[in-house]
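Okay, structure first, notes after.
The values are calculated or read from the model by the stated rules, or taken from the named source; none is laboratory data. This one's a predicted model, so the numbers in the text were calculated from it and none came from an experiment. Please note: Cβ atoms are built from the backbone with ideal geometry, for glycine as well, and neighbour counts cover all protein chains shown. We work out accessible area using only protein heavy atoms, side chains counted, and drop any ligands, DNA or RNA first. Shrake-Rupley method; radii C 1.70, N 1.55, O 1.52, S 1.80 Å.
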Amino acid sequence: MTDFHRIKRLPPYVFEQVNRAKAAARAGGADIVDLGMGNPDLPAPRHVIEKLVETAGRPRTDRYSASKGIGGLRRAQAGYYERRFGVKLNPDTQVVATLGSKEGFANMAQAITGPGDVVLVPNPSYPIHAFGFLMAGGAIRSVPAEPTPAFFPALERAVTHSIPKPIAIVVCYPSNPTAYVASLDFYRDLVAFAKKHELIVLSDLAYAEVYFDGEAPPSVLQVPGAVDVTVEFTSMSKTYSMAGWRMGFAVGNERLLAALARVKSYLDYGAFTPIQVAATAALNGPDDCIAEMRDTYRRRRDVLVDSFARAGWRIPSPSASMFAWVEIPEPFRSLGSLEFSKLLIEKAELAVAPGIGFGEYGDEYVRIALVENEQRIRQAARNLRRFLETADKTLHNVVPLAAHR
């Protein structure tokens, strides 16, 4: 397998190593509290499931669908953008339904990337943001992940010192894995920078509706003129707990979306029509289920922050996303995030995602997902506390440990 060109360009998939450790522990009888993968455990809304059941088996619904999505679904997504962001979109030319935002990103990379093209990608960041372009034959240059004033001088340096000149920049706010949130002022500066340097902006807004404190996260398309250079990706996965349904969207610039639709037309026939009809019902339906989802994750976040602090591991409280981005406790930092994650599985029956899986600048962190109920999170904290209280006695032969405080 390693002889294949594109496979050789990909690093080892570190999350698979964690999965193997989880499987081995469970095979040995361990009750692992899995806060690793961002896989929603909440049910999809009842009215959405009912629409799926109602539609499945109807005449013509088993046939191939349109790869860019049925018209009703694209109109529903345009309606969502107008209600939520005040952004008007033409559903025929500015909305493409995708098989989840991950597929949309990967096929957009195929559509716009030439051999050796450089793309600016946050580090740490969700893996497809970088590896979609690597698999398409491009190259990536890392830029900061946090949307602070230091972001743009770093971006300027990256553009100046990249040969060839970058073609695009990826942003993701609320961020996976870091939970950073960007302001509309940040997006204004980003759009101005992109136009100045002739960059495409690719925005991942999969966590638009998963927020807890303050105002709802904005869309970069709210910036006047942003549509000239921007495509934004959203997903039904987190908002409606429909991760396995594989339904997302790309919206924005007509020329870029036409390129995406062209690539998709060669690669797929779109999602199963009843899923698209059910997704339409979700977007056009009541918002109560979204508020309930938010409340559930907020309660879990609060329990995580409180119980882990009591156990001896302080967690910064995320204001959005379904993740906490947490620095590895100092006595274990020299292990790196992958070995520390394996250690937590073995010694604390707790699974987290190693930060190295999101880029080398994430190696002192782990990502904790809010995908177990409050009782299980408290159980994880009890396991963690026992581990931390005994680590300096039991792990001296694994890593030199400073006295734990």
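With unit charges on the beta carbon (Lys/Arg positive, Asp/Glu negative), name the residue among 118, 38, 24 whose Cα is farthest towards the positive pole of the charge dipole of the stretch 1-132.
118
Under 11 Å from a label point 7 Å along Cα→Cβ of residue 146: give me every residue in the stretch 175-196 with its amide N that close.
Taking a point 7 Å out along Cα→Cβ of residue 146, the residues of the stretch 175-196 whose backbone N falls under 11 Å are 180.
In Å², what does the accessible area per residue of the stretch 1-129 work out to with a 1.4 Å probe?
52
Leaving out ligands, DNA and RNA but keeping every protein chain, what accessible area does residue 347 have, in Å² rounded to the nearest 10, with a 1.4 Å probe?
Probe radius 1.4 Å; accessible area of residue 347 about 90 Å².
Place +1 on the Cβ of every Lys and Arg and -1 on the Cβ of every Asp and Glu in the stretch 226-375, take the dipole about the Cα centre, and give the residue among 241, 322, 279 whose Cα lies farthest towards its positive end.
In the stretch 226-375, that residue is 279.
Under 15 Å Cα-Cα from residue 342, which aspartates and glutamates qualify once same-chain neighbours fewer than 8 residues away are excluded?
Leaving aside aspartates and glutamates fewer than 8 places away in the same chain, those within reach of residue 342 are 16, 31, 34, 363, 364.
Quick check on the chain: what does the Kirkwood estimate of hydrodynamic radius come out to from the alpha carbon pairs, in Å?
22.2
Rounded to the nearest 5, what % of the DSSP beta bridges within the chain are antiparallel ones?
50
Given a cut-off of 18 Å, name the pairs among 68/264; 102/165; 102/238; 22/347; 22/102 whose C-alpha atoms lie farther apart than that in the structure shown.
Pairs exceeding 18 Å: 102/165; 22/102.
Run the accessible area of the stretch 313-378 with a 1.4 Å probe and give the carbon-and-sulfur part as a rounded percent.
Roughly 39 percent of what the probe reaches on the stretch 313-378 is carbon or sulfur.
For the stretch 1-136, state the semi-axes of the equivalent ellipsoid (square roots of 5 times the eigenvalues of the alpha-carbon gyration tensor), sorted largest first and rounded to whole angstrom.
Ellipsoid semi-axes (Å, largest first): 32, 26, 17.
Mind telling me which of 113, 280, 148 comes out most flexible in a GNM of the chain, alpha-carbon contacts under 10 Å?
148
Can you give the accessible area per residue of the stretch 217-317, in Å², using a 1.4 Å probe?
39
Explain nothing, just the number: dipole magnitude of the chain about its Cα centre with +1 on each Lys and Arg Cβ and -1 on each Asp and Glu Cβ, in debye rounded to the nearest 20.
Charge dipole, the chain, about its Cα centre: 540 debye, nearest 20.
With a 1.4 Å probe and all protein chains left in place, how much of the accessible area of the stretch 101-239 comes from carbon and sulfur atoms, in whole percent?
About 55 percent, which is the carbon plus sulfur part of the accessible surface.
Using 0.36 nm times the number of residues separating residue 47 and residue 84, minus their current alpha carbon distance, what extension gain do you get?
Taking 0.36 nm per residue and subtracting the Cα distance, the gain is 11.2 nm.
For the chain, what is the calculated [θ] at 222 nm in deg cm²/dmol (nearest 500), taking -39500 (n - 2.57) for each run of four or more DSSP H residues and dividing by its residue count?
One gets -13500 deg cm²/dmol as the mean residue ellipticity at 222 nm.
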